[in-house]
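The values are calculated or read from the model by the stated rules, or taken from the named source; none is laboratory data. The structure presented is a predicted model; accordingly, all values stated were derived computationally and were not measured. Cβ sites come from the backbone with ideal geometry, for glycine too, and all protein chains shown count toward neighbours.
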Amino acid sequence: MENPLLMTTLMLMLCLLPRILKAQASAPEGVLNCCEGDVLFLLDSSGSISSYEHSRMLDFLSELLLPFSLGEDQVKIGLLQVGSQPRLEFGFDTYSTQNGLQGALRSIKPLRGDTNTVEALRIAKDQVLKPGPVDGARVGLPRVLVWLTDGVKPGDVIGPMAELKEEGVAVLVVSTDHGNYQVLRQVVSPPAENHLYFVDIDDMSIISEDLRDAIIEIIRAERINVRDVSTNAATLQWRPVLSGLPGYYEIRFGPRPSGGSGGSGGAGGGTGTSPSTGGSQYQRLVQSADSNSVRLTGLKPDTTYTATLTPESNEQSFNTLSVTFTTNSEVQSPAVVTVSESGPTSIRVSWGPLQPEVVTSYYIEYSTLPTGKLQAITVDKWQNSTLLKNLQPDSTYLVTVSARHSSGKERAMSVKVCTKEVTPALSDLQLTTVDSHSVQVDWRGSADGLKGYWLTWEGRQTSADQRTSVYLPPNSLSTRLSNLPPSARVCVSPIYRTARGEGLCCTTRFTSEASAYGYQS
């Protein structure tokens, strides 16, 4: 006679076998390279959730998240538990590997207490999902909030959820109870049929794929980047959305209608007429499903191109991505012109970068503004600076550096520079003693461009140091100083429009009889 208990056990195992096989057939760890975004799970662990239900929800999260690739350029996961005092179990920057994430999910304990969802949403909005450089979500990437609840006493969540959605957060809800349908339907992001799930606690695995697809739809990284652009080539780079799927990438590229005809070259493809480039010629390349970049060659300099990337697979449909870029100009030097060693009659002009492989020489033109005589010199292709001499003092010059290329083309860059003003030094300074506390100061200076004189004296009067300065007009060549302390130092400097010229100084020597002394340059 057969054992009834054995038969019951066998029937139970047969019923569970499809679910076990499905779990084993889940995607291997980290194969979904399709996505880039921050996903926060709001997990109800209040007193209305039993330990068994809490464990089943964590198992569900483990299965749901296992296929995602985690990291800085991938998906980041956070978990916030709801109880009387909500607690952030881990933020977006805590786990960058599936091993770490899966271990954390196995060790989380329920909080118990009241269902304080409103406070949990405040923490989510102000701390976790707020974009920022520290601890928050990443700027410019999709943000998703997935709320796992039993639907019992959800609280006044409509307002806080609406604020999150207004800030660009996508809200999804999984409820293990069919109560509060109207409230839950109102808080999810549209369309509700894709973002609201009601499921029994023991059957949560049946919605794993649908919920995962809904999250992927929001955080799918559909973008293509261009890097290493040169005069005749560029590299396209994309996220390998076909990784693990049969298929290939089709790349088409060609100049925009205003950019002329398409460049020739580029391995592994053909040419045709592209609707996306307005009927101009394009090139077609095919890359394998595991690739994430391709080098476009044979491009024309200084031309704007449009490139499209279409992932092709029989198992899943993907959007076509496009990008526009402009190749570098063949004539690049000089890209910068600088001035140094500026003086009254000379300035040094420097430029770069050097391109001796394509530049034959550099041609430098310069003239005073607005209508000065044009002068020019030619220098070798290896030379990146030259000293311009015999210039006019205190003048503005326009200097143009032109790179003459072997192709016959030229590229020029201009800069305005100013020579310094001539500031002659004081040529003579004489002090004549008048009495025991006064001197007569006489000097001689140049009258060209002179704006005045700056006279200072300093010395020690009793226990304090004294310093006095005075401005004198340009027609002044003498002055008398009285009540000077013994051994006062007297200095006179000429003043010009842009600077002060070199002055002369003498120290007073008081005697009983008048005497003259001084310094002559």
Consider the range 137-168. How many of its residues are more than 19 Å from Val82 (Cα to Cα) and either touching a strand residue (DSSP E or B) at 6+ places or on another chain (Cβ under 7 Å) or part of a loop (DSSP other than H, G, I, E, B) (or both)?
10
Condition first: touching a strand residue (DSSP E or B) at 6+ places or on another chain (Cβ under 9 Å), within 15 Å of Ser493 (Cβ to Cβ) and of a type in the set (Gly, Ala, Ser). Now tell me which residues in the range 440-478 satisfy that.
Gly445, Ser446, Gly452, Ser469, Ser476
How about the range 35-51: which of its residues are small (Gly, Ala, Ser) and outside any loop (DSSP other than H, G, I, E, B)?
Gly37, Ser51
Quick one: how many residues across the range 330-387 are of a type in the set (Gly, Ala, Ser), under 27 Å from Glu421 (Cα atoms), in contact with a Lys or Arg (Cβ under 9 Å, 6 or more places away or on another chain) and part of a strand (DSSP E or B)?
3
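On the given criteria, is Phe318 in contact with a strand residue (DSSP E or B) (Cβ under 8 Å, 6 or more places away or on another chain), surrounded by 15 or more Cβ atoms within 10 Å (Cβ to Cβ) and not in a loop (DSSP other than H, G, I, E, B)?
So Phe318 fails the test.
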Within the range 182-235, restricting to residues that are among the polar types (S, T, N, Q) and crowded, with 18+ Cβ neighbours inside 10 Å, the one that is nearest to Leu172 (Cα to Cα) is Ser189
Residue by residue through the range 374-398, note down the ones that are more than 30 Å from Gln355 (Cα to Cα) and not polar (S, T, N, Q).
Pro393, Asp394
Restricting to the range 424-461, and then to whatever is within 30 Å of Ser367 (Cβ to Cβ) and touching a Lys or Arg at 6+ places or on another chain (Cβ under 7 Å), can you tell me which residue is modelled with the lowest pLDDT?
Gly449
Residues that are within 12 Å of Arg143 (Cα to Cα) and outside any helix (DSSP H, G or I), drawn from the range 208-224:
Arg220
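Here's the yes/no breakdown for (1) surrounded by fewer than 16 Cβ atoms within 10 Å (Cβ to Cβ); (2) outside the structural domain of Val490 (by TED's automatic domain parsing); (3) touching a residue at least 60 places away in the same chain (Cβ under 8 Å):
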{"position": "Leu391", "(1), (2), (3)": "no, yes, no"}
{"position": "Arg411", "(1), (2), (3)": "no, yes, yes"}
{"position": "Thr432", "(1), (2), (3)": "no, no, yes"}
{"position": "His437", "(1), (2), (3)": "yes, no, yes"}
{"position": "Tyr453", "(1), (2), (3)": "no, no, no"}
{"position": "Arg460", "(1), (2), (3)": "yes, no, no"}
If we ask which residues in the range 72-93 are hydroxyl-bearing (Ser, Thr, Tyr) and surrounded by 16 or more Cβ atoms within 10 Å (Cβ to Cβ), their number turns out to be 0
Residue check for Arg106: among the basic types (Lys, Arg) and over 35 Å from the mean Cα position of the chain (by Cα)
yes
Subset tally (residues that are under 14 Å from Asp44 (Cβ atoms) and crowded, with 17+ Cβ neighbours inside 10 Å) for the range 120-154
11
Residue that is modelled with the highest pLDDT [pool: residues in the range 26-45 that are charged (D, E, K, R) and out of contact with any helix residue (DSSP H, G or I) (no Cβ under 7 Å at 6 or more places or on another chain)]
Asp38
